[in-house]
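*Asks:* Okay, handing you the structure first.
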Amino acid sequence: MRAAVDALAGLGAEVDEVDPGFADPVEAFHVLWFSGEAKVLQAYGALDALADRIDAGLARTAALGATYSASDYLDATAVRMELGRRMGRFHQTYDVLVTPTLPLPAFPVGQDVPDGSLSPDWTSWTPYTYPFNLTQQPALSVPCGFTSAGLPIGLQIVGARHADALVLRVGQAYQCATDWHRRLPKLLAEEAR
């Protein structure tokens, strides 16, 4: 990540290390996301009748989503709106926010969460991405390196609402200055031989 930020600085970006200053909005995200799942699946019948036709994790979270009240939904919407205002103020000073895409390396295929996770929810390992689903901000992930085990690392570029073009320009500038997007992870490179 430091090398990626240094590459952006080398391109002329003024870089400050700052905290955007918000608490984890995961509970509000769950209310909005899970209740949305429940509503979408409602068109296909009762959730218990769908259990053998949908992903088990989706069935679990949609069932939870069906338990939320209108008050829960409105409270979660208020958290979403406040986070959007906070990020709007942040972007009055900073054009983009860059973060790691994920706080951990890839884990085995077929798992919803990494081994040892205390939560069954995918939000437990995506704390840098779902807040911007809440705020409806454009975010882009570009390759920026590999772990010592050869697993890919992503750099996330987040812009203000409606600043999609800026986010894409920053991503393109980064990719023009690096070649990470052209490199294959070790396992794929070995398979390609």
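*Asks:* Given the structure, is ASP24 among the charged types (D, E, K, R) and over 17 Å from TYR128 (Cα atoms)?
*Replies:* When the stated conditions are applied, ASP24 does not pass them.
*Asks:* Test of understanding: among ARG169, ARG80, which residue is over 13 Å from the mean Cα position of the chain (by Cα), in the same structural domain as PRO25 (by TED's automatic domain parsing), at pLDDT 95 or above and of a type in the set (Lys, Arg)?
*Replies:* That would be ARG80, the only listed residue that is over 13 Å from the mean Cα position of the chain (by Cα), in the same structural domain as PRO25 (by TED's automatic domain parsing), at pLDDT 95 or above and of a type in the set (Lys, Arg).
*Asks:* Can you tell me which residue within segment 117-155, out of those that are β-branched (Val, Ile, Thr) and touching a strand residue (DSSP E or B) at 6+ places or on another chain (Cβ under 7 Å), is modelled with the lowest pLDDT?
*Replies:* Filtering segment 117-155 for residues that are β-branched (Val, Ile, Thr) and touching a strand residue (DSSP E or B) at 6+ places or on another chain (Cβ under 7 Å), the one modelled with the lowest pLDDT comes out as THR147.
*Asks:* Among what's in segment 153-165 and is touching a Gly at 6+ places or on another chain (Cβ under 8 Å) and within 20 Å of ALA177 (Cβ to Cβ), pick the residue that is surrounded by the most Cβ atoms within 10 Å (Cβ to Cβ).
*Replies:* Among them, the one singled out is ILE157.
*Asks:* Restricting the search to segment 156-186, which residues are in contact with a strand residue (DSSP E or B) (Cβ under 6 Å, 6 or more places away or on another chain) and among the small types (Gly, Ala, Ser)?
*Replies:* Hits for segment 156-186 are GLY159, GLY171.
The values are calculated or read from the model by the stated rules, or taken from the named source; none is laboratory data. Because the structure is predicted, anything quoted here is derived from the model rather than measured. Glycine gets a Cβ as well: all are built from the backbone with ideal geometry, and neighbour counts include every protein chain shown.
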